Amino acid sequence: MTSDPEESVRLQGYGEMTLRTAVETLMLLAPPERYEAAIFRVRDGVRLAQSEIAELASNWGIEPTPKVRSPKLVPGQHWPDIVRGMVREAPLPALIVAFLVGVVVARR
């Protein structure tokens, strides 16, 4: 295991960077994504083990992000909710125009 923070590595999904930057980036991810990501050495293509990454992070004083929900895991708003919110905030003339445009488009 190398502990040179300036060694070139490739973080899966993020590209090439220094080892320290890769470890910092990895520790910012939510735990499930952190365990799926991989760091590969550029010079020989060897994948660093999770235990090596955790040891490097602790040696360099990099704290992992606490258990937070990742933006990928947060369900997106459904279209009806979005439209309902837009209708609540829209002025009446704009709603009438939108309705008439919808009727014209539907007839074609």
Do we have L73 as at pLDDT 90 or above and within 16 Å of the chain's Cα centre (by Cα) here?
-> no
In the range 8-25, how many residues are open to solvent by less than 20 Å² (accessible area, probe 1.4 Å) and either in contact with a helix residue (DSSP H, G or I) (Cβ under 6 Å, 6 or more places away or on another chain) or of a type in the set (D, E) (or both)?
-> 3
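The values are calculated or read from the model by the stated rules, or taken from the named source; none is laboratory data. Remember, predicted model here, so these are calculated numbers, not experimental data. Using ideal geometry, Cβ is built from the backbone for each residue, glycine included, and neighbour counts are taken over all protein chains shown. Ligands, DNA and RNA are stripped out before the accessible areas are found, and what is left, the full protein with its side chains, is counted by its heavy atoms. Shrake-Rupley method; radii C 1.70, N 1.55, O 1.52, S 1.80 Å.
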